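The values are calculated or read from the model by the stated rules, or taken from the named source; none is laboratory data. In this text the structure is predicted, and so the values were computed from the model without any measurement. Positions of Cβ are backbone-derived with ideal geometry, glycine not excepted, and every protein chain shown enters the neighbour counts.
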Amino acid sequence: MRTIPLLLLVALTALAESHRGEHIGRGKREVLVRSKRRWVLSTIEIDEGDSGPFPKELSKMYNDKTHASGEKYKISGIGVDQEPLGVFSIDENTGVVYAERSVDREELEHYHIRFDILSKETGERIDNELSFNVEVNDRNDNAPMFQPNLQADVEENVVEGSALVPLHVIDRDKKNTPNSTFTISMVSQNPQEPKIELVVVSPSMAHLSFKGCFNYDKVKKYEVIVQARDHGTPPLSSTATVTLNIVDTNTHLPTFKKQEYEGEVKEGITKDDVVRIAVDDKDTPKTPGWRAKYFFVKGNEGENYKLETDPITNEGILSVIKGKDFEKTTHTDLVVRVENEEALFVCGTATPPTPNTVKIKMKVIDINDPPHYENNLYKVYKVEEEEPGKVLLTPKVTDADSDVTRIRHVLLNDPAGWVKIDEKTGKVTTIKKMDRESPFVDGDSAYKILIGAIDDGEPAETGTSTVMVYLRDINDNKPGLVNEGAILCGNRGNKIMVPATDADVDPFSGPFTFSLVGDDKDVTERWKLDPTFGEEAGLISLGTLPFDNYSVPLVIKDQQSLIGLHTVEVMVCDCGDGDVCLSKKPPSSSLGPAGIGLLLLGLLLLLLLLLAFKCQCGGKDFKKIATVQDEGNQTLIKYNQEGGGSASMSEPVLLRTPTNDLAVTDGIKMGTMQEIKMVPVMTQDMYSYNSPALGMMNSNMNSQGTQHQRDTVRSHGGQSTYATWSTNKMNTHQGGSSRYNRSVSMRSSQHISDHIGKRMQQIDGNHVGRPEDQPYEYAYEGQGSKCQSLDELSLSNLGDDLMFLNDLGPKFKTLGGVCHRTIQKNNIQL
């Protein structure tokens with residue numbers, strides 16, 4: 001190791017310049033001093049793998065620049081305070097650089113170190129930072145090495161001289177020195193044949209080659225030892241073993257196990273796997289050099305057979321893909337050749353062997369062939385609706401195995417039953433009229449018949465043929481409507497389209513001519529047609545029609561003026577935003593203000609009648625007075641509404657008052673007369689409104705219970721017994737899906753007055769002595785009306801539709817207004 005002393009260069013320069021000015025006295029002098037020291041250092045060298053002792057002095061650093069407090073030296077960088085740590089150090093007082101341990105050149109070739117001189121007191125840098133390198137001298141401590149995993153698969157049929165395995169060698173010593181320069185050589189091989197050689201490609205690359213041929217049957221693996229030796233001092237070397245695995249290829253032809261095979265097949269049929277032919281092959285199973293391929297050499301010119309290879313057994317499978325005719329061929333000799341999927345390899349210049357062949361004798365077994373019609377399809381053209389007995393065709397049939405005279409003909413398919421077939425001749429004749437519009441006729445106006453010919457063989461065989469009868473159309477169908485019903489959305493328009501149809505085809509169908517039936521004025525005054533010609537007609541209402549169902553008769557003519565009479569049922573309704581009629585809304589069950597007012601009015605009238613009756617009778621005792629039982633005298637009556645229900649069949653009866661007490665007559669007379677005075681208020685007009693309030697009032701006036709019995713009022717004084725009664729009827733109001741049933745009965749005010757007058761005569765004292773005039777009770781003769789009494793009804797079961805209470809006519813409105821003003825005047829809280 002050598003050290004070059006530091007060359008110190010010191011330069012001092014002074015420059016002065018005077019400036020003009022009387023107030024300065026003399027020119028100002030400025031001294032610029034710049035000193036620079038360069039440490040001219042060579043590279044410090046250290047030997048790789050030096051054994052010491054350590055620490056070992058490498059060099060000494062010094063600087064002539066001093067400081068009053070003293071100087072100290074410091075180094076930093078790779079090998080000092082950077083990885084790898086602790087390789088170099090310096091004596092801070094003397095500047096001596098030491099190596100602390102040995103170094104490896106292959107780990108790091110050189111170290112870059114920084115050098116500083118510092119003040120001992122302050123630690124400030126006295127001079128500029130300098131640096132130097134420490135270079136590691138190489139030593140031949142690495143032998144050349146081969147790449148790992150030196151193993152390769154070599155196919156048996158590889159060509160002589162081919163590269164088998166590439167060899168790559170590296171040496172970690174310093175490049176381009178004897179330590180990293182090496183020589184590659186082959187040490188040995190096992191087995192010795194064929195001869196394997198080493199071919200050097202470059203200083204670090206080589207590969208193995210060979211001369212001759214590999215034989216998988218003899219040797220399946222080779223081991224070759226190679227060496228790499230460097231030129232260093234002392235020289236180092238390494239060896240590696242290369243393994244060559246020989247892969248079997250097709251070096252053997254397959255051979256048939258038998259010299260001849262036999263098989264048989266029935267005439268005219270196809271069949272898979274008729275015959276199997278087996279081969280031997282010495283190559284490795286399941287490889288391309290072992291798998292067999294079979295070929296026809298001769299005998300299959302008609303392509304009746306095919307050959308396939310069984311992937312498991314390697315056998316050849318012979319199949320019949322087209323039936324043979326026994327009358328033409330009874331025996332077939334097939335010659336088959338076998339090869340491998342992979343081409344055969346022959347080493348060197350040897351002559352390739354000939355592929356192996358085998359003969360297969362196929363025998364055709366005769367079977368009974370079916371009869372054959374001259375044509376597989378017959379086309380016959382006829383006019384529809386012709387009279388039965390028309391001959392469609394007489395087909396010709398042949399049979400190579402049977403006597404044609406013994407063949408019998410049958411119908412295999414006649415869906416409509418329109419034809420028959422002669423069993424001996426095969427003549428097909430119609431037995432019914434053939435209708436082109438029949439569902440058994442397809443869209444091409446063709447009727448399909450299937451006929452068959454059966455021979456007398458064992459077993460019997462059947463030949464078939466198809467007869468297509470094409471029917472020409474005639475005008476035998478009247479035009480009609482596509483739909484018999486239509487919907488006219490009255491809230492959106494007054495026109496609907498009515499399409500027509502005809503089962504016939506052109507020119508016996510549309511376009512059609514439409515017209516209305518002229519005799520019906522209701523139709524012609526209400527409807528018109530526009531357009532009247534085409535595939536559909538436009539039906540237009542001439543005015544606004546109520547929602548209802550209407551029948552419109554139409555006359556439809558086709559192109560040949562064949563007429564069809566039809567009726568369109570038109571439903572006029574509200575469709576809303578859709579195209580179908582909306583369902584009716586269910587009636588509301590809410591009770592409006594008018595209904596509530598009428599109920600209160602009825603209660604007030606009842607109270608007034610009771611008060612009047614009490615005032616008129618005074619303090620008389622009425623406990624013994626029997627009231628007139630008047631079952632069935634109710635106030636709900638039928639008003640003008642469509643769709644009434646069935647009438648109630650129960651007959652209301654008048655009950656006679658069974659009493660003999662004369663003391664009662666005065667009270668009854670007075671009360672009844674008062675009642676007569678009140679009755680005219682309930683006029684016929686008032687009865688015509690169906691008011692529950694009035695019904696409750698009248699029921700309380702005329703009934704004290706719900707007992708079911710009948711009284712008979714007998715005649716007296718030449719006057720006929722009053723027996724005029726009103727009939728109870730049921731009126732059903734339909735709204736949506738609900739019905740509201742009301743039982744109504746009516747009696748005129750005059751009838752009530754006459755009835756009371758007659759009763760007053762009967763209970764008068766002048767007639768008490770006559771037994772036949774005395775009231776008496778009849779026995780119960782059956783059940784009366786089952787209609788629920790209005791006394792028992794509540795608002796919850798009055799039904800759903802009480803809207804009729806909102807408007808009960810001008811008389812009830814006047815009465816309601818009077819009562820309403822009275823209620824407001826008296827400040828009555830309801």
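Before moving on, here are some points about what is shown:
- Within the span defined as the range 546-566, one or more residues are over 30 Å from Ala446 (Cα atoms) and touching a residue at least 60 places away in the same chain (Cβ under 8 Å).
- Residue within the range 328-347 that is closer than 27 Å to Val247 by Cα, surrounded by 14 or more Cβ atoms within 10 Å (Cβ to Cβ) and among the polar types (S, T, N, Q) present: yes
- If the condition is being crowded, with 16+ Cβ neighbours inside 10 Å and either of a type in the set (S, T, N, Q) or touching a Ser or Thr at 6+ places or on another chain (Cβ under 7 Å) (or both), then the range 393-412 contributes Pro395, Ser402.
- Exactly one residue out of Lys495, Lys432, Lys420 is exposed (fewer than 14 other Cβ atoms within 10 Å of the Cβ) and not assigned by TED's automatic domain parsing to the domain that holds Ser515: that is Lys432.
- Yes/no for Val274 being surrounded by 14 or more Cβ atoms within 10 Å (Cβ to Cβ) and more than 16 Å from Asp310 (Cα to Cα): no
- Residues of the range 241-271 that turn out to be of a type in the set (Val, Ile, Thr), in a loop (DSSP other than H, G, I, E, B) and surrounded by fewer than 20 Cβ atoms within 10 Å (Cβ to Cβ), as a count: 2
- Under the condition of being at pLDDT below 90, more than 21 Å from Pro371 (Cα to Cα) and crowded, with 19+ Cβ neighbours inside 10 Å, the residues counted in the range 435-462 number 0.
- Scanning the range 556-567 for residues that are hydrophobic (A, V, I, L, M, F, W, C) and either touching a Gly at 6+ places or on another chain (Cβ under 7 Å) or surrounded by fewer than 17 Cβ atoms within 10 Å (Cβ to Cβ) (or both) turns up Ile556, Ile563, Leu565.
- Those residues of the range 528-541 which are of a type in the set (A, V, I, L, M) and closer than 21 Å to Cys581 by Cα, in sequence order: Leu539, Ile540
- Within the option set Gly576, Gly564, Gly493, Gly543, being over 42 Å from the mean Cα position of the chain (by Cα) and in a loop (DSSP other than H, G, I, E, B) holds for one residue only, Gly543.
- Figure legend. Inter-residue proximity from the range 204-233: first residues over 19 Å from Arg172 (Cα atoms) and assigned by TED's automatic domain parsing to the domain that holds Leu167, second residues in a strand (DSSP E or B) and of a type in the set (Lys, Arg), beta-carbon distance below 7 Å, spacing 6+ or different chains. Indicated pairs: Phe210/Lys195; Lys211/Lys195; Gly212/Lys195.
- Those residues of the range 74-98 which are modelled with pLDDT under 85 and buried (at least 17 other Cβ atoms within 10 Å of the Cβ), in sequence order: Gly95
- Applying the set (1) surrounded by 15 or more Cβ atoms within 10 Å (Cβ to Cβ); (2) β-branched (Val, Ile, Thr); (3) without any contact (Cβ under 8 Å) to a residue 40 or more places away in the chain to Thr524 leaves exactly one unmet item: (1).
- Within the range 281-326, being surrounded by 13 or more Cβ atoms within 10 Å (Cβ to Cβ) and among the acidic types (Asp, Glu) holds for Asp281, Asp283, Glu308, Asp310, Glu315, Asp325.
- Criterion applied to Lys424, Lys420 was being without any contact (Cβ under 8 Å) to a residue 24 or more places away in the chain and either of a type in the set (Gly, Ala, Ser) or touching a Leu at 6+ places or on another chain (Cβ under 8 Å) (or both), and the one residue passing it is Lys420.
For every residue, the table says whether it meets (1) more than 60 Å from the chain's Cα centre (by Cα); (2) closer than 30 Å to Glu92 by Cα.
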{"site": "Glu135", "(1), (2)": "yes, yes"}
{"site": "Pro144", "(1), (2)": "yes, no"}
{"site": "Pro148", "(1), (2)": "no, no"}
{"site": "Asp173", "(1), (2)": "yes, no"}
{"site": "Pro194", "(1), (2)": "yes, no"}
{"site": "Val201", "(1), (2)": "yes, no"}
{"site": "His207", "(1), (2)": "yes, no"}
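- Figure legend. Inter-residue proximity from the range 254-270: first residues under 15 Å from Lys306 (Cα atoms), second residues part of a loop (DSSP other than H, G, I, E, B), beta-carbon distance below 8 Å, spacing 6+ or different chains. Indicated pairs: Val265/Lys324; Ile269/Gly323; Ile269/Ile367; Thr270/Ile321; Thr270/Lys322; Thr270/Gly323.
- Which numbered condition Gly426 fails, given (1) of a type in the set (Gly, Ala, Ser); (2) surrounded by 14 or more Cβ atoms within 10 Å (Cβ to Cβ); (3) under 21 Å from Ile474 (Cβ atoms): (3)
- Qualifying residues in the range 121-136 (those that are touching a Gly at 6+ places or on another chain (Cβ under 8 Å) and surrounded by 14 or more Cβ atoms within 10 Å (Cβ to Cβ)) - the one nearest to Lys174 (Cα to Cα): Val134
- Filtered residues of the range 352-377 (kept if touching a Lys or Arg at 6+ places or on another chain (Cβ under 9 Å), crowded, with 21+ Cβ neighbours inside 10 Å and closer than 15 Å to Lys298 by Cα): Val358, Met362
- Any chance Gly49 is buried (at least 19 other Cβ atoms within 10 Å of the Cβ) and either out of contact with any Lys or Arg (no Cβ under 6 Å at 6 or more places or on another chain) or of a type outside the set (Asp, Glu) (or both): no
Yes/no per residue for (1) under 14 Å from Gly564 (Cβ atoms); (2) charged (D, E, K, R); (3) at pLDDT 90 or above; (4) touching a Cys at 6+ places or on another chain (Cβ under 9 Å):
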| site | (1), (2), (3), (4) |
| --- | --- |
| Asn491 | no, no, no, yes |
| Met497 | no, no, yes, no |
| Ala500 | yes, no, yes, no |
| Asp504 | yes, yes, no, no |
| Gly510 | yes, no, no, no |
| Asp520 | no, yes, no, no |
| Arg526 | no, yes, no, no |
